[in-house]
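What follows draws every value from the coordinates through simple rules; no lab data is involved. Small disclaimer: the values here were computed from a predicted structure and weren't measured. For neighbour counting, all protein chains shown are included, and Cβ atoms are generated from backbone atoms with ideal geometry for every residue, glycine included.
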Amino acid sequence: MRIVFMGTPDFAVGTLQALVESGKHEIVAVITQPDRPKGRGQKMLMTPVKEYALTQNLPVYQPLKVKTPEFIAELQQMQPEIVVVAAFGQLLNRELLTLPPLGCVNVHASLLPKYRGAAPIHYAVLQGEKESGVTIMQMDIGMDTGDMLSKVTVPIGSEMTMGELHDQLKAEGAKLLVATLDAIADGSAKPEKQNEAEATYAKLLDRSMEKIDWTAPAQQIHDLVRGFNPAPGAFTKLPDGKTLKIWRTVLAQGQAAPAGTVTAITKKGFVVSCGDGALEILEVQPESKKRMEAKVFCNGRGVEPGTVLGNIEG
């Protein structure tokens, strides 16, 4: 097939790489978001998809908006048979969706219709789901509402982080996309309507979600920590007002104490009382410092029994 690929972050690199390595298709163009400044130095950085595409000598386009008449005309000249989209970051209009004869397919990192939207991997962990997966979908004008072409399921372990789930979904989704294109090519693909009654939406993340509420149940806080690891990180406040990011926890036994109270120092870290149950904190990151084992933080007198976390606004 003649394919135009649209994608931006690391998740999409897996799909593009699988297409290249399959050797079955002609990738006529790679469309990705414009380079943007990042970090303290505001250095212009290529998107992960662009970085990979250039190593494969693939033509790269970075339109500010793909829906402009000028870019649509350029896309028409490429004459793609199908457009493959994976975490691109821009919405496609009807003109784009109907441009290729075989339409546009999307590699979506959830088991649709659950977790449509921008952050499905985060939400699967944040909500304590036992499984997630990837759905290959025929795109339509709605937000992840198109007919499903194929699915693969990935179990979520009780200690699995968002980053670990991301990497598994990236690999499984890439393999599934290649197999699904084969099915589209030979006519065996069978589109399936989504059940709208089961649809949920993974809205954009915001900083307010990252702050730990110690009055919540221990399991919910544990899922929050896993769901924001490796980015952006769940955080609390120390009594001096400084931020402490919490990177790794396990459910623990703890003595009765007000929520947010450090009740014990352990061999691996420290125990904090929650609204229901307790958590042992295993890895932290003090403000302006690197990630460290919680026991190292405790050895530096970071906290002690009786310390109350999270009682500072901000």
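Residue-by-condition table, conditions (1) under 29 Å from Asp206 (Cβ atoms); (2) in contact with a Pro (Cβ under 8 Å, 6 or more places away or on another chain); (3) free of Cβ contacts under 8 Å to residues at least 40 places away in the same chain:
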| position | (1), (2), (3) |
| --- | --- |
| Leu251 | yes, no, yes |
| Val262 | yes, yes, no |
| Gly269 | yes, no, yes |
| Glu280 | yes, no, yes |
| Gln285 | yes, no, no |
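Scanning the stretch 226-242 for residues that are of a type outside the set (Asp, Glu) and either under 15 Å from Leu309 (Cα atoms) or in contact with a His (Cβ under 8 Å, 6 or more places away or on another chain) (or both) returns Gly227, Phe228, Ala234, Phe235, Thr236, Lys237, Leu238, Pro239, Gly241, Lys242. Suppose the filter is part of a loop (DSSP other than H, G, I, E, B) and either over 23 Å from Ser188 (Cβ atoms) or under 16 Å from the mean Cα position of the chain (by Cα) (or both); does Gly157 pass it? It is true that Gly157 is part of a loop (DSSP other than H, G, I, E, B) and either over 23 Å from Ser188 (Cβ atoms) or under 16 Å from the mean Cα position of the chain (by Cα) (or both).
Yes or no, residue by residue, for (1) free of Cβ contacts under 8 Å to residues at least 12 places away in the same chain; (2) in contact with a Leu (Cβ under 7 Å, 6 or more places away or on another chain):
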site: Asp182; (1), (2): no, no
site: Ala185; (1), (2): no, no
site: Ala197; (1), (2): yes, no
site: Leu205; (1), (2): no, no
site: His222; (1), (2): no, yes
site: Pro232; (1), (2): no, no
site: Thr236; (1), (2): no, yes
site: Arg248; (1), (2): no, yes
site: Ala256; (1), (2): no, no
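Scanning the stretch 178-209 for residues that are surrounded by 10 or more Cβ atoms within 10 Å (Cβ to Cβ), of a type in the set (A, V, I, L, M, F, W, C) and within 18 Å of the chain's Cα centre (by Cα) yields Ala202, Leu205, Met209. In the set Ala118, Ala87, only one residue is in contact with a Leu (Cβ under 9 Å, 6 or more places away or on another chain) and either of a type in the set (Gly, Ala, Ser) or within 29 Å of Asp223 (Cβ to Cβ) (or both); that residue is Ala118.
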